[in-house]
1. Based on alpha-carbon centroids, what's the gap between region 116-182 and region 242-259 in Å, whole number please?
2. What does the charge add up to near S246, with Lys and Arg as +1, Asp and Glu as -1, over the other residues with Cβ less than 14 Å from its Cβ?
3. Quick one: which residues, 5 or more positions from S251 or on another chain, have an amide H under 5 Å from its amide H? H modelled 1.01 Å from N in the peptide plane, none for Pro or chain starts.
4. Could you rank S237, S80 by how accessible they are, 1.4 Å probe, largest area first?
5. Sorting K210, K39 by accessible area (1.4 Å probe), largest first, what list results?
6. What 222 nm value per residue comes from the helices of the chain, counting each DSSP H run with n ≥ 4 as -39,500 (n - 2.57) and dividing by all residues, nearest 500 deg cm²/dmol?
7. Among rounded, prolate and oblate, which fits region 243-371 when a ≥ b ≥ c are the square roots of the eigenvalues of its C-alpha gyration tensor, a/c under 1.5 means rounded, and a/b larger than b/c means prolate?
8. Suppose R0 equals 41 Å; then what is the FRET efficiency for Q278 and T242 from their Cβ-Cβ distance, rounded to the nearest 0.05?
Amino acid sequence: MRKPLKTAGRIIGSLLLLLLLAGVAFANLSPELGGKHTKADKARYARSGHYQDGEFKNLVPTETMTGGSTLGVLWRFIFSKTPHAEPDAPLPLHPLDSLGLARKTAETVRVTWFGHSASLVELAGQNLLLDPMLSVDMGPLSWVTPKRYNPMVAIAPEQLPRIAAVLISHDHYDHLDYQTIRRIKDKTAHFVVPLGVGAHLRRWGVAEGKIHELDWNDSLQLPGGLTVVSQPARHFSGRGLTNRNSTSWSSWVMKTATRRVFYSGDGGYGPHFQAIGQKYGPFDLALMECGQYDQNWSQIHMMPEQSVQAALDVRARTYMPVHWGAFTEAHHAWNEPVTRAWAEAQRRQLPITTPELGQPVTLGYPLPQLRWWQ
């Protein structure tokens, strides 16, 4: 009896060793995981004032988990069914191409949302692309990541017009997509990213001269009198098991002498929104995270009602909820975020726009407000 048990033990041990070796090889070979930082990089990050002991920090104390355990939340997400976690059919989609997005003037302020947080902002005659996750599959192991509701996006990366700047809020897979970056790197003039994210872009073949790592409150001047400014967010980062918070995260101010747009990126509610509003507001439009929340993540993702409050804090004239409409990443109905955000915006008398995927929103014209998700 001992011999079969011993043989079985060896087989199991060998399999575990092979899995371990495969995992290590994957972590070192898969480009999706991004780049690594040098000692010089880390010394530079330390000068930011919010990088300590090898990790970036938030402005206020922030816990990734505020109740329960990561394993418990994961178990609930996988094995506990949520009613209407995904839509019954693909969502309404407005197919686009570069010609359809080319008709604009220097005065045009237009935003086109592609689902989740990926959006094209047209300001001062320039194209700014926010968190362009334009792939159907997410991450290096698509079989373990959420599936996109639609089998296609409103526009393929190759069909995008030339991009003045890509703005990245943080390096999670649903915001920084390897496949999209590879497909747009030659048509993009600048990649403007939080501290540390440049290492990923360099590994993916983006030219060094195009990469601009900005600390909070740093800015970059673009053609047409357009300025982008990195601002704080309350979140976390990481693309693997061993690089949690090794890169920073940002929200973004986009401004000219007369027009201003704000993008929250991901993150929990905090005093930074009011500070941004006092310094840079009012904003003509604010794109604010409103979905993929959980009580256990209350400090790193906003509830929809907090999203509306944050829009009021930054002094937004119009509120556009994002971070929904593409993937189910939390334990709520797929359309609950926008339903709650809409109700709260109405209660607080904050103008809200809720376009369908690929439907342009042009300021100065009637805002898309059809409650199509119901």
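The values are calculated or read from the model by the stated rules, or taken from the named source; none is laboratory data. These numbers come from a predicted model, not from an experiment. Cβ atoms come from the backbone with ideal geometry, glycine included; neighbour counts cover every protein chain shown. Calculation scope for accessible area: heavy atoms of the full protein, side chains included, ligands and nucleic acids excluded. Shrake-Rupley method; radii C 1.70, N 1.55, O 1.52, S 1.80 Å.
1. 16
2. +3
3. Q231, A233
4. Most to least solvent-accessible, the answer reads S80, S237.
5. Largest accessible area first, the list is K39, K210.
6. Calculated mean residue ellipticity at 222 nm is -7500 deg cm²/dmol.
7. oblate
8. So the FRET efficiency works out to roughly 0.60.
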